[in-house]
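Structure record follows, encoded as structure tokens.
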Amino acid sequence: MTQTSSEQQPIGAVMTPLKWAAWVVKKNQIFEHWMKGATVFEPTAGEGNFLEALIVVALENGVRVRRDMLERLFAIEREERFVAGFFARMRERYRLDFPERNFNTQDFILSENSVRADIVVGNPPWQNFSDLPPLYKERLKPQFSKYHLVPDPQALLLGSSRIDIASLIIAKSLTVNLKKRGSAYFFMPLSILLNDSAHRAFRSYHLGGVHFAVTEVYDFNNNRIFNGISTRYGLACFKRDDKQRFPIPYFVHEETGWSRRLARPIFGTDDPLSITDDTLETVRAAKAFQKIEVPLASRPRQGANTCGANHVFVFDSITKCNDKTAVARNRANQEVVLPSKYLFPLAAKENFNQDEPVGRRFVLLPYHTDTGKPLEASEIAAEPELHDYLHSQKFALQNRKGVLINVWIARGYWWALLGVGPYSFAPYKIMWEAYGSKRFIPKIFSGGGERVWQGNQSLHAYIPLGNYTRAKIIEKGLRHPFVQEYLASQRMEGTCNWAQPGRIGKLLEFVDECG
């Protein structure tokens, strides 16, 4: 799988091992269909391993590969050296002259190619839109809208920035390059099917004016077939012009082989898939589960995000100097004196196992605790220790990357963080480990003033509350066994998407208490 940006930087250039490309070809009878006259297309083809796999399987079956068979194979790849390597292998390894017009050197996403195939098979690059080079982002924005993956290009600056470009490549392949009632097979990040928010539009199963269905999924679980890839991935099988039906057969690779399970969304049809042995039982459990009432103003949040400036804002310990100042020490053992009213305990893994959490790390938040707004420059100037420290870090803070933080920087608030608002200073937080965990254990963190606990970026999520009694009621609801069962069914244990706010939000009933 590969795609190259307009800045000529290879994106996601991780090739499908030939044996696994052959496994896809055999398992889905692609070879048999090709022999009967089907055309096969590989977008973002890299070294063309799926096309080569068809030739390998043909030779294994004693079939002489004829010119007319090669004429029914097509591919597109941006990287010229990969295309050249494919043609060289065809000549040297198989003594075949592959039709040059059938393997084009183009950027598949931006191309106006005319390929229409009976079968599409491939392994698109796996990379979030937010991680792409800036110029390439601008060129791709209209494409995400064109295939209805986002409502408008502006959405790519917000939650949809985490959308994977694999979803765009698959969407274009299904709608433009696959013939009616055709079949497609893609290795892809399973986050497209199992994560909330950014990939919701893909799970409408209707993109670019075309209906499609996911017919089977093969989850490779802990079987690492791609070197250096930690993303949860699998093979998804698609049918064009078919209505999505649930449950979807979902196969998990285990030590003893493939274990068959079932997948379906539990609440809304475009929700992430839940995978269980009996999806109807999970649906019944969901219907029996009473959603937990939470004030609208207390919807789940992620922790404070320094946008790559932990070395500026996060400290390993503090020691009070007096009622107003404290000595804060960072990981480099550097010491700085700061106003203690802007230093707050930062949750860490060990705090979730303590009856009374003890602050081991601290975060500097130069904010008003009543409004959640960053201090003005004049207010910082009135705090000599804070002023001197922030100005000593001004260059690093002004050069942070990211669209949203740069909005604050452009407005002159270069000391701002993301994920900070009035909710950050609520005296009670029901907090949990949102990243990398396997067990959902919500815990109330309480304190006022400088003792208000903060979540650490995407590692922690929380529900902010001003009332302890309400916090206890909500915490009890979140400890219901169905919550753990629901999270586990989405197979995100141990990943960055384990229990992020949107996922927990499915279990909550938001109540507007302003009126």
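The values are calculated or read from the model by the stated rules, or taken from the named source; none is laboratory data. Keep in mind it's a predicted model, so treat the numbers as computed, not measured. Cβ coordinates were reconstructed from backbone atoms using ideal geometry, including for glycine residues, and neighbour counts include every protein chain displayed.
Key figures for this structure:
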{"read-out": "Residue within the range 305-317 that is outside the structural domain of Lys506 (by TED's automatic domain parsing), more than 22 Å from Ala488 (Cα to Cα) and over 26 Å from the mean Cα position of the chain (by Cα) present", "value": "no"}
{"read-out": "Positions within the range 326-347 being free of Cβ contacts under 8 Å to residues at least 24 places away in the same chain and within 36 Å of the chain's Cα centre (by Cα), in sequence order", "value": "Arg329, Asn330, Arg331, Ala332, Asn333, Gln334"}
{"read-out": "Count of residues meeting criterion [assigned to a helix (DSSP H, G or I) and in contact with a helix residue (DSSP H, G or I) (Cβ under 6 Å, 6 or more places away or on another chain)] in the range 370-385", "value": "2"}
{"read-out": "Qualifying residue in the range 291-304 (condition: more than 30 Å from Tyr367 (Cα to Cα) and either over 23 Å from the mean Cα position of the chain (by Cα) or assigned by TED's automatic domain parsing to the domain that holds Phe395 (or both))", "value": "yes"}
{"read-out": "Among residues of the range 398-412, those that are charged (D, E, K, R) and either touching a residue at least 12 places away in the same chain (Cβ under 8 Å) or part of a strand (DSSP E or B) (or both), counted", "value": "2"}
{"read-out": "Residue selected from the range 144-158 under the condition modelled with pLDDT of 90 or more and surrounded by 18 or more Cβ atoms within 10 Å (Cβ to Cβ), by the criterion farthest from Ala198 (Cα to Cα)", "value": "Tyr147"}
{"read-out": "Residue check, Ile76 under 30 Å from the mean Cα position of the chain (by Cα) and of a type outside the set (Lys, Arg)", "value": "yes"}
{"read-out": "Candidate set: the range 221-245, residues that are under 19 Å from the mean Cα position of the chain (by Cα) and buried (at least 19 other Cβ atoms within 10 Å of the Cβ); chosen: the one farthest from Val14 (Cα to Cα)", "value": "Ala236"}
{"read-out": "The lone exception for Ile444 - which of (1) free of Cβ contacts under 8 Å to residues at least 12 places away in the same chain; (2) touching an Asp or Glu at 6+ places or on another chain (Cβ under 7 Å); (3) β-branched (Val, Ile, Thr) it fails", "value": "(1)"}
{"read-out": "Count of the range 474-506 residues which are without any contact (Cβ under 8 Å) to a residue 60 or more places away in the chain and over 25 Å from the mean Cα position of the chain (by Cα)", "value": "4"}
{"read-out": "Qualifying residue in the range 402-411 (condition: on the phi < 0 side of the Ramachandran plot and in contact with a Pro (Cβ under 6 Å, 6 or more places away or on another chain))", "value": "no"}
{"read-out": "Candidates Phe226, Phe246 - the one that is outside the structural domain of Gly494 (by TED's automatic domain parsing), in contact with a Phe, Trp or Tyr (Cβ under 8 Å, 6 or more places away or on another chain), part of a loop (DSSP other than H, G, I, E, B) and among the aromatic types (Phe, Trp, Tyr)", "value": "Phe226"}
{"read-out": "Meets criteria (more than 18 Å from Val314 (Cβ to Cβ), of a type in the set (Lys, Arg) and modelled with pLDDT of 95 or more) for Arg400", "value": "no"}
{"read-out": "Residue within the range 335-356 that is in contact with a Gly (Cβ under 9 Å, 6 or more places away or on another chain) and small (Gly, Ala, Ser) present", "value": "yes"}
{"read-out": "Those residues of the range 451-474 which are crowded, with 17+ Cβ neighbours inside 10 Å and farther than 16 Å from Gln500 by Cα, in sequence order", "value": "Val452, Trp453, Leu465, Arg470, Ala471, Ile474"}
{"read-out": "Output for the range 193-223, where each listed residue is within 18 Å of Ala21 (Cα to Cα), assigned to a strand (DSSP E or B) and not charged (D, E, K, R)", "value": "Val217, Tyr218"}
{"read-out": "Glu509 being touching a residue at least 40 places away in the same chain (Cβ under 8 Å) and over 23 Å from Ser197 (Cα atoms)", "value": "no"}
{"read-out": "Selection count where residues are over 12 Å from Phe41 (Cα atoms) and in a helix (DSSP H, G or I), scope the range 69-124", "value": "18"}
{"read-out": "Meets criteria (of a type in the set (A, V, I, L, M, F, W, C) and surrounded by 15 or more Cβ atoms within 10 Å (Cβ to Cβ)) for Ala288", "value": "no"}
